[in-house]
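Chemist: Below: one structure in structure tokens.
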Amino acid sequence: MSSRERILGRVRRALADVPQDDTPYERAVARDYLREHGDRSVAQTVDLLAENLADYRAIVHRCAADDLAVTIAGMLAAQGAKTVLVPPGLEPSWLAEAEADQVPDRFESTPHELDRIDSVVTACAVAIAETGTIVLDGSPDQGRRRITLVPDHHICVVRVPEQVVSSVPQALERLDPARPLTWISGPSATSDIELDRVEGVHGPRTLEVVLVQDQSSAEVNS
């Protein structure tokens, strides 16, 4: 008897006395937990997102849509970026002022080639205020997962307020579980047994998040 057969046999014996009409797993656990904590306005939710992003050592910028290209260009220049990786569906106007060479994401790009890129700019799927988390889902304006894990500097643009939610349950309602989801809470970091923090081990060393608000949204929220 193989190890697999032995384990499956134990599972069958453990389930032998479970009635066939037992409550399905989907209904076995109550799902009436809070969907968000507290009653916040849109502006307060965005402020909470910015605060929690900063707590995770992300660098947070705010700007109007008309200033986005200049803002991104300034961020790339401040990092000394000579090359920037561009997902296939990224809005071209976002990089209109950038002086860095724009490198299109190619399927055949190797990890070594990506490692030589200075920065990457992407959009996001949703941002969660209560946890300070940015979620990417592999859409064309975000690109494949590896392009945000290999380069050392990631600039992520969040559209305010339409891409900002309060809580994880609200975010899950917007996300497709069949897509390759990447959940980002600050720059990549880990600690050794002495609790010495090291950044850039599992992803970018520097995460910059731009909260961009178009004029119509600003007028509604003012």
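The values are calculated or read from the model by the stated rules, or taken from the named source; none is laboratory data. The structure presented is a predicted model; accordingly, all values stated were derived computationally and were not measured. Positions of Cβ are backbone-derived with ideal geometry, glycine not excepted, and every protein chain shown enters the neighbour counts. Heavy atoms of the whole protein, side chains included, go into the accessibility calculation; ligands, DNA and RNA do not. Shrake-Rupley method; radii C 1.70, N 1.55, O 1.52, S 1.80 Å.
Chemist: Only helical DSSP H runs with n ≥ 4 go in: add -39500 (n - 2.57) per run for the chain, normalise by residue count and round the 222 nm mean residue ellipticity to 500 deg cm²/dmol.
Modeler: Theoretical 222 nm ellipticity from helices: -7500 deg cm²/dmol.
Chemist: If R0 is 35 Å, what FRET efficiency do you get for Q44 and R174 from their C-beta distance, rounded to 0.05? Before the final figure, lay out the partial values.
Modeler: On the way: r = 20 Å, r/R0 = 0.57.
So, using R0 = 35 Å, E works out to roughly 0.95.
Chemist: Between R35, R197, R174, find the one with the highest GNM mean-square fluctuation for the chain; connect C-alpha pairs within less than 10 Å.
Modeler: R197
Chemist: Follow-up question, since we're still on this one. Counting Lys and Arg as +1 and Asp and Glu as -1, what is the net charge of the other residues whose Cβ lies under 12 Å from the Cβ of A98?
Modeler: Counting the neighbours of A98, the net charge comes to -3.
Chemist: Shape verdict for segment 1-66, please, from the Cα gyration tensor: rounded (a/c under 1.5), prolate (a/b greater than b/c) or oblate.
Modeler: The shape class here is prolate.
Chemist: A further question on this structure: Roughly how big is the chain's charge dipole about its Cα centre, with Cβ charges of +1 (Lys, Arg) and -1 (Asp, Glu), in debye to the nearest 20?
Modeler: Dipole magnitude for the chain comes out near 1000 debye.
Chemist: Where the eigenvalues come from the Cα gyration tensor of segment 87-167, what are the semi-axes √(5λ) of the equivalent ellipsoid, largest first, in whole Å?
Modeler: Numbers: eigenvalues 108, 42, 24 Å².
Equivalent ellipsoid semi-axes, largest first: 23, 15, 11 Å.
Chemist: With a cut-off of 8 Å between alpha carbons and a minimum separation of six or more residues, what is the relative contact order of the chain in percent?
Modeler: Working: 383 pairs, mean separation 53.5, N = 222.
Once normalised by length, the contact order is 24 percent.
Chemist: Ignoring the sites themselves, what is the longest stretch of the chain with no GluC sites (Glu not before Pro) in a DSSP loop and at most 13 other beta-carbon atoms within 10 Å?
Modeler: 1-98
Chemist: Would you rank C63, C156 by solvent-accessible area, highest first, keeping every protein chain in place and using a 1.4 Å probe?
Modeler: Largest to smallest exposure gives the sequence C63, C156.
Chemist: Along each principal axis of its Cα atoms, how long is segment 98-222 end to end? Whole angstroms, biggest number first, please.
Modeler: The Cα atoms of segment 98-222 stretch 45, 40, 31 Å along the principal axes, largest first.
Chemist: Compute the signed sum of charges (Lys and Arg +1, Asp and Glu -1) over the other residues within less than 11 Å, Cβ to Cβ, of L68. Intermediate values should be presented prior to the final figure.
Modeler: On the way: positive: R62, R159; negative: D66, D67, E91, E97, D214.
Combined, the nearby Lys, Arg, Asp and Glu give -3.
Chemist: Taking the chain as a Gaussian network, where each spring joins two C-alpha atoms under 10 Å apart, which residue of D176, D105, D137 fluctuates the most?
Modeler: Of D176, D105, D137, the most mobile in the Gaussian network model is D176.
Chemist: Just grab the label-to-label distance for E108 and Y25, each label 7 Å out from Cα along the Cβ direction, in nm (one decimal).
Modeler: 4.2
Chemist: In a Gaussian network model over the chain where Cα atoms closer than 10 Å are linked, find which of Y25, Y33, Y56 has the largest mean-square fluctuation.
Modeler: Evaluated over the chain, the most mobile residue of the options is Y25.
Chemist: Could you work out how far the C-alpha centroid of segment 79-147 sits from that of segment 1-44, in angstrom?
Modeler: The two parts, judged by their Cα centres, are 37 Å apart.
Chemist: Treating only the Cα positions of the chain as identical point scatterers, give the base-10 log of I(q)/I(0) from the Debye formula at each q in 0.11, 0.13, 0.17 Å⁻¹.
Modeler: Calculated log10 I(q)/I(0) at the listed q: -0.64, -0.81, -1.18.
Chemist: Sticking with this one: Could you check the simple spin-label distance between E99 and D17, using points 7 Å along Cα→Cβ, in nm with one decimal?
Modeler: 7.6
Chemist: Determine the percent antiparallel among the DSSP beta bridges restricted to segment 100-222, to the nearest 5.
Modeler: Rounded to the nearest five, the antiparallel share is 40 percent.
Chemist: So, one more: Mind putting a number on the dipole of segment 2-89 about its Cα centre? Charges go on the C-beta only, +1 for Lys and Arg and -1 for Asp and Glu, and I need it in Debye to the nearest 20.
Modeler: So the magnitude is around 640 debye.
Chemist: Using the alpha-carbon atoms, what tilt in degrees (0 to 90, nearest 10) does helix 3-14 show relative to the longest principal axis of the chain?
Modeler: Taking the Cα atoms of the chain, the angle to 3-14 is about 70 degrees.
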